[in-house]
Amino acid sequence: MPGGWALPGGWAVPRGLAAADNVHAKTGSMNNVRCLVGYMTTAAGERLAFAIMLNNFVRGEDEPSPSHTLDAIVALLAQFQGHT
């Protein structure tokens, strides 16, 4: 991914996000399934383990790819500021 770094398995984190240089994850896929499993430290300093599975993911023409959807979810998790 331009402007980011790639993890083994092809997943990339765009530079400038809280997830950059912070997420340790592995991708997995098969027909109509995309997965990302790993851990990170959130913006609040909490360790967080995650497992995301997009099952039977079908997108329309104007919708983001499964990879971009996974990127967005992980970016939100990395920005977590703690419990309120």
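The values are calculated or read from the model by the stated rules, or taken from the named source; none is laboratory data. Remember, it's a predicted structure, so these values are computed and weren't measured experimentally. Every residue, glycine among them, receives a Cβ derived from its backbone with ideal geometry; neighbour counts consider all protein chains shown. The protein model used for the area step is the full one, side chains on, heavy atoms only, and it has no ligands, DNA or RNA in it. Shrake-Rupley method; radii C 1.70, N 1.55, O 1.52, S 1.80 Å.
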### Task
Hey, can you tell me all the residues within segment 47-84 that are among the small types (Gly, Ala, Ser), open to solvent by less than 30 Å² (accessible area, probe 1.4 Å), closer than 16 Å to Cys35 by Cα and assigned to a helix (DSSP H, G or I)?
Ala75
#### Entry: Members of segment 32-46 found to be farther than 14 Å from Ala72 by Cβ and either at pLDDT 90 or above or surrounded by 12 or more Cβ atoms within 10 Å (Cβ to Cβ) (or both), listed by number
Val33, Cys35, Val37, Gly38, Tyr39, Met40, Thr41, Thr42, Ala43, Glu46
